[in-house]
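Everything below concerns the one structure shown next.
The values are calculated or read from the model by the stated rules, or taken from the named source; none is laboratory data. Predicted model only: the values in this text are computed from it and were never measured. Neighbour counts run over all protein chains shown; Cβ positions are idealised from the backbone, glycine included.
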Amino acid sequence: MREGPGVGYEVQAVIAGDELLRAVSRDVPGARVAPLRQGLSLMPMTDEVFDAVTDGGTEGALGFWRLPGGFEKLLARWSAAGPVAYVEAEYFGGTGEQRAAVWADGELVLGPLDAPTKKWFSRSVSPISGALRRLGARRSPGEDEFDAVGLDRHRSNDGWIGGAEGDG
């Protein structure tokens, strides 16, 4: 992700394979699904989606800022059909944080990640790029998975909603 002075980026979203995410989002009032590259799609966490998927439990489970209470159980159920990631990022002027987790086969299989991981003799991998790898994303030389799937296309949930399809 490329950042510059005064440039912000904020997103809270579910990312999964396009077919899977479109299927599960049909049961979520207000859900909007925006296509990414490499067969993935993103569902921004709007207030309406948040209210639809929370079970009233404590917000912020697993160390996330805005993960609805109990939503991790629904993500685990959805993941029976394929891997599902929940991601959060907040940056302004090149400084910020991101978190990510991936569920597959009904279980939490990656994360929650909140710091870059480093592979032996390679560059560090951001939490979101690590989650995207687990979803099957591949990068080209000189880019990370974040850019490879097009997460740099919009800088906020509102931007993603503008490019999404859903029940409105």
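The lone criterion from (1) under 14 Å from the mean Cα position of the chain (by Cα); (2) surrounded by fewer than 16 Cβ atoms within 10 Å (Cβ to Cβ) left unmet by Leu113 is number (2). Taken together, Asp18, Asp105 contain a single residue that is among the acidic types (Asp, Glu), surrounded by fewer than 19 Cβ atoms within 10 Å (Cβ to Cβ) and either at pLDDT below 95 or in contact with a Gly (Cβ under 6 Å, 6 or more places away or on another chain) (or both), which is Asp18.
Could we say that Leu135 is out of contact with any helix residue (DSSP H, G or I) (no Cβ under 8 Å at 6 or more places or on another chain), at pLDDT 80 or above and surrounded by 15 or more Cβ atoms within 10 Å (Cβ to Cβ) here? Here the answer is yes, as Leu135 does meet what is asked. For the criterion of being over 19 Å from Ile161 (Cβ atoms), surrounded by 13 or more Cβ atoms within 10 Å (Cβ to Cβ) and polar (S, T, N, Q), Gln12 fails.
Tell me whether the range 62-84 contains one or more residues that are at pLDDT 95 or above and assigned to a strand (DSSP E or B). For the range 62-84, residues at pLDDT 95 or above and assigned to a strand (DSSP E or B): present. Considering only residues of the range 47-61 that are more than 21 Å from Leu132 (Cα to Cα) and touching a helix residue (DSSP H, G or I) at 6+ places or on another chain (Cβ under 8 Å), which is surrounded by the fewest Cβ atoms within 10 Å (Cβ to Cβ)? Per the criteria, the residue is Asp55.
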